[in-house]
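See structure below.
All of the numbers you see were taken from the coordinates with simple rules; none came from a lab. Please read these numbers as outputs of a predicted model, since none were measured by experiment. Every residue, glycine as well, gets a Cβ built from its backbone with ideal geometry; the counts of neighbours run over all protein chains shown.
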Amino acid sequence: MALALSPASAWAQVEADIVLVNGKIITMDAADSIAEAVAIRNGKIFAVGTKQSVMKYAGHSTRIIDMRNRTATPGLIDSHLHFASVDPVYSIDLSTVHGIEEVRRAVAERVARAKPGEWIQGQGWDEGKLVERRYIYAADLDRVAPHNPVWLEHTTGHYGVANSVALGLAHITADTKNPSAGTIDRDARGQPTGVLKEEAAMSLVTALMPAYSHDQMREGYLQTMAALNKEGITAIKDPGMAAENWAVYSELRDQHKLTVHLFALWRGGTSVAQTQEALKHILALPKPLSDKQAIDNDDLLISGGVKLFMDGSGGARTAWMTADWNKKSTEIDTGNRGYPLTDPEIYRQQVRLIHNAGIHVGTHAIGDRAIDWVVDTYAEVLKDKPTPGLRHSIIHANIPSDHAIETMAALEKKYDAGYPEAQAEFMYWIGDTYAGNFGPARCLRLMPFHTYLDRGIRWAGGSDYPVTPFAARLGIWASLARETLKGTYGKQPFGTAEAVDIHNALRSYTIWAAHQLFLEQRIGSIETGKDADIAIWDRDPYTIPTEQVRDMKCVMTLFQGSVVYRAPAK
Ligand SMILES: [Zn+2]
């Protein structure tokens with residue numbers, strides 16, 4: 001055929017499916033290179049470089065996407081997003097309420113549509129955003145829900161409030177003792193206020209709520225994935241799922257409905273027996289692969305390892321600290337240093353069990369004392385059984401001591417483990433509550449990203465959704481700005497010494513996060529051979545002023561070479 005002899009097709013033996021041109025491509029490769037165009041074939045990045053070098057792969061059937069001077073980044077990655085729970089999809093959204101009257105109105109509205117006895121669930125409140133600047137109590141809800149049990153969970157998920165009907169169903173009275181790792185909040189007369197802190201106390205009520213059906217989960221996951229794609233997000237690490245979640249995830253994968261890479265951790269519980277149970281599931285499934293084999297694998301859905309809890313929350317002042325918590329910034333919450341959620345010795349046995357099985361573990365640790373215990377545990381098991389590459393992580397790692405920072409640096413270097421999975425957005429979204437609780441001195445140590453850079457520590461970014469909204473642009477911005485939502489204790493109570501630049505902030509939501517999903521060979525940068533997971537933005541994060549980073553709008557998202565989101569034309 002004459003065609004085959006033409007010089008053009010002689011070097012363009014292969015045609016791209018899609019070519020992106022006329023924009024700026026932030027590749028996030030090791031040199032942080034900028035490219036002009038990308039060619040995509042079979043869902044993978046086939047070529048990236050100058051317009052000229054890429055356009056030679058454009059043929060008759062190639063779809064040319066004109067970026068019109070916009071900027072592309074790798075699809076963003078959230079290393080800590082509670083995907084398994086569909087609560088946010090079905091509960092009353094309290095994340096933007098300003099006062100308790102507004103909460104009451106929202107509950108009353110649901111009650112009006114509910115049958116007597118039906119549960120009313122809400123989610124996302126934060127006393128730091130309420131004009132009253134106090135918890136919501138049962139007494140606030142009883143008048144509007146006299147015949148329905150109500151549970152309104154705090155945005156951190158570490159506490160919530162039940163109304164009196166719900167407290168009654170749970171048999172919680174003044175005589176009920178605090179469980180070992182939980183708090184039943186009480187008033188001056190010793191009566192329960194309705195506020196319950198940490199799983200051991202919360203579950204007295206939440207265990208009574210009906211479970212979500214298979215269809216509700218499925219629908220919730222589809223909605224959440226679409227919303228993630230709208231924010232340019234194409235991969236997530238789910239910190240804590242159970243068998244029923246995995247069943248729905250697998251179904252969605254088999255039906256080609258996943259539009260994010262989903263790396264999920266199994267809940268490891270607070271006892272050795274629960275961890276053994278989780279390990280049974282994990283050992284029956286393929287392990288994550290970080291090497292070249294991963295490139296040929298499906299790798300859309302990964303059974304990634306185990307999630308454990310060391311301590312509580314910085315919102316509830318239950319995280320395990322070396323010194324007393326503060327209140328209202330300068331007051332001392334005398335005698336309260338929080339507590340471990342898992343018995344520290346049991347925790348150590350759990351980690352040893354998981355590590356010795358060659359499985360990745362991520363541990364929730366917020367307080368300095370908890371973080372010390374976690375990194376020391378990792379160091380101990382790694383010394384006893386050196387297994388590089390398991391990437392054990394410190395989830396949140398809010399206020400690491402100098403010792404913890406030293407240990408993380410050493411573990412990363414020696415064992416490819418000890419990585420902080422941090423959520424800069426805490427400083428913004430729950431920053432006012434945090435600033436009040438940590439107090440002025442400790443605030444300056446919160447999420448010490450600049451120190452991490454100085455020590456060669458890499459970290460992975462995330463949102464902890466629904467604790468904060470999942471838009472990664474907010475976390476990227478917060479890594480630079482360290483500003484709170486309301487400025488209750490000053491606009492930047494966490495200081496600016498630990499701020500980082502946009503290049504490193506973006507790394508923490510792309511290539512460094514990919515590493516914590518064991519997918520750095522496959523996603524996290526725009527490089528030949530990788531999945532074509534790409535987000536196109538209305539502006540260039542590398543050149544806009546910091547305050548604009550949080551307002552960036554995603555105009556198009558590609559996941560494995562398919563357009564999964566496109567902003568409506570204006
Ligand atoms: Zn979390």
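Tabulated results
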read-out	value
Coordinate range along principal axes, alpha carbons of the chain, Å, largest first	92, 57, 48
Under the Karplus curve 6.51 cos²θ - 1.76 cosθ + 1.60, θ = phi - 60°, whole-Hz ³J(HN,Hα) for the range 74-83, x wherever Gly or Pro sits	x, x, 7, 10, 10, 7, 7, 9, 7, 6
Ordering of 262-273, 344-355 by packing [mean C-beta count within 10 Å, highest first]	262-273, 344-355
Convex hull volume of the range 26-161 per residue (C-alpha atoms, cubic angstrom)	211 Å³
Shape of the range 376-428, Cα gyration tensor, a/c cut at 1.5	prolate
Peptides 237-250, 456-469 ordered by average Cβ neighbours within 10 Å, highest first	456-469, 237-250
Binned Cα-Cα distance frequencies in the range 87-206 - 5 Å width, integer %	2, 12, 24, 26, 21, 11, 3, 0
Over the chain, relative contact order from alpha-carbon pairs under 8 Å, at least 6 apart, %	16 percent
Expected 222 nm ellipticity per residue - DSSP helices of 4 or more, -39500 (n - 2.57), all of the chain, to 500	-9500 deg cm²/dmol
Sequence ranges 333-343, 527-537, 362-372, ranked by mean other-Cβ count within 10 angstrom, highest first	362-372, 527-537, 333-343
The chain: antiparallel DSSP beta bridges as a percent of all, rounded to 5	45 percent
Under 14 Å from the Ala569 label point (7 Å along Cα→beta-carbon), backbone N, the range 54-70	66
Over the range 512-553: Rg over Rh, Cα atoms, Kirkwood Rh	1.08
Order of Leu453, Leu130 under a 10 Å beta carbon neighbour criterion, fewest first	Leu453, Leu130
Cα centroid of the range 228-267 to Cα centroid of the range 401-446, whole Å	27 Å
